[in-house]
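**Q** Have a look at this one before I ask anything.
The values are calculated or read from the model by the stated rules, or taken from the named source; none is laboratory data. Just so it is clear, the structure is predicted and the values come from calculations on it, not from any experiment. Here the Cβ positions follow ideal geometry from the backbone for every residue, glycine too, while neighbour counts run over all protein chains shown. To get the accessible areas, we keep the full protein, side chains included, count just its heavy atoms, and leave off ligands, DNA and RNA. Shrake-Rupley method; radii C 1.70, N 1.55, O 1.52, S 1.80 Å.
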Amino acid sequence: LSSAIAIGIDIGGTRLRTATVATDGTILDRRRRSTPAADGSSLIAAIEEEVAAISGSLPDARSLPVGIGIAGLVSPDGLVRYGPNIGIRDLPVAEELRARLERPVAVLNDASAAALGEQRAGAGQGRSDVLMFTLGTGVGGGVVVGGQLVVGAGGFAGELGHVIVERGGRRCPCGNRGCVEAYASGRSIGEQAIERLEAGSRASRLRGLDEVDGAAVSQAAADGDVFAQELLRDVGGWLGIAIASCVNALDPEMVLLGGGAASAVAPFALPTTRTTVDEHVIGHGFRDMPPIELAVLGDDAGTVGAAVYAAEHAPDHAAAGEGPA
Ligand SMILES: [Zn+2]
């Protein structure tokens, strides 16, 4: 039986997941609750409660480092500069929790954590250079190079959802225009469907629905709706442009698509994504192209990656490890 290396926490806009993770990346124990309403102190209190609860159920969990993946911009010292989906700004998550939990704490972006989790224990296992795009309400990303997560100079690397695919294109929630998120997120897929329905007279079962969102488009496509299938093929093309730019920059061994919407979008989008990547990657006929595959860990990717990151990067982990077992 593998022993625990760290506790991983994944904080999204709606769910807060906690897991104890073993040396080989498997999950030994997990908990789940809703993310508390928008303020820093209730978030910190919720994390403290979850760590206490999961530590109590494992004999050796009390000294484990804690890794936290959070949706937002996170600086290397664990300051969450901006977490729009959770409603926090400039919250020193690592500093607050180190004082309260008296153990090493590391904080990183949630999609980066998911990418690291998949690279170590999921679809990217055995490969050292892996890119991951997470498709959900927004589009996130993570970059692993040489087996290490790339966090960048300020902690903001891997925001692959904001790779620009069209200058002056669709407006993105980040404030820019033309980001791939503005074409391939669940939110934007729903918006594009509504715009196309309003602009034309094409038949589609989506016309009969009260609410058209990304999930409704994917469902319609799965049910044989040609209008929805065409839209998802176009989404695959935009995604392919973004992936090709990242492949040209980083030459990964593999590109993963994860996040809640990936498996529903992929059957219709992925063939176009692959041909678009081939068209736009330099010298594609003269090199091995990275496979583009679905991630496999699902909701566990973020907690696994956060735990792995904490085990390897949490400050004073070495010192903590020297204490009594
Ligand atoms: Zn953007």
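**Q** Just to confirm the filter: which GluC sites (Glu not before Pro) across the range 22-123 are DSSP coil and have at most 11 other Cβ within 10 angstrom of their Cβ? Mind showing how you got there, number by number?
**A** Numbers: sites: Glu48, Glu49, Glu50, Glu95, Glu96, Glu102, Glu118; in loops: Glu102.
Counting only loop positions with at most 11 other Cβ atoms within 10 Å, the GluC sites (Glu not before Pro) in the range 22-123 are Glu102.
**Q** According to a simple spin-label model (label point 7 Å from Cα along Cα-to-Cβ), what is the distance in nm between Glu230 and Ser57?
**A** Between Ser57 and Glu230, the simple spin-label model gives 5.0 nm.
**Q** Starting from the Cα-Cα distance between Asp288 and Ser41, subtract it from 0.36 nm times their residue separation and give me the gain in nm to one decimal.
**A** Using 0.36 nm per residue and subtracting the Cα-Cα distance, I get 84.0 nm.
**Q** What are the GluC sites (Glu not before Pro) within the range 211-274 that DSSP puts in a loop, where the Cβ has at most 13 other Cβ atoms within 10 Å? List each step's numbers first, then the result.
**A** Working: sites: Glu211, Glu230, Glu253; in loops: Glu211, Glu253.
Counting only loop positions with at most 13 other Cβ atoms within 10 Å, the GluC sites (Glu not before Pro) in the range 211-274 are Glu211.
**Q** For the chain, with all protein chains present and a 1.4 Å probe, just round the carbon and sulfur fraction of the accessible area to a whole percent.
**A** Carbon plus sulfur share of accessible area: 49 percent.
**Q** Moving to a separate point now. With label points built 7 Å along Cα→Cβ from the Cα atoms of Glu279 and Arg207, find their separation and express it in nm.
**A** The modelled label-to-label distance comes out at 2.9 nm.
**Q** Leaving ligands, DNA and RNA out of it, work out the accessible area of Val107 with a 1.4 Å probe and give it in Å² to the nearest 10.
**A** Solvent-accessible area, nearest 10 Å²: 10 Å².
**Q** So, one more: Given the Cα-Cα distance of Gln125 and Arg167 and 0.36 nm per residue of separation, how much length would full extension add, in nm?
**A** Additional length available on full extension: 11.6 nm.
**Q** Enumerate the calculated ³J(HN,Hα) couplings along the range 125-142 in order (Karplus 6.51 cos²θ - 1.76 cosθ + 1.60, θ = phi - 60°), each rounded to whole Hz, writing x wherever the residue is Gly or Pro.
**A** Residue by residue, the range 125-142 yields 4, x, 10, 9, 10, 9, 10, 9, 9, 10, 9, x, 4, x, 10, x, x, x Hz.
**Q** Could you order the peptides 214-220, 291-297 from most to least packed, using the average number of other C-beta atoms within 10 Å per residue?
**A** 214-220, 291-297
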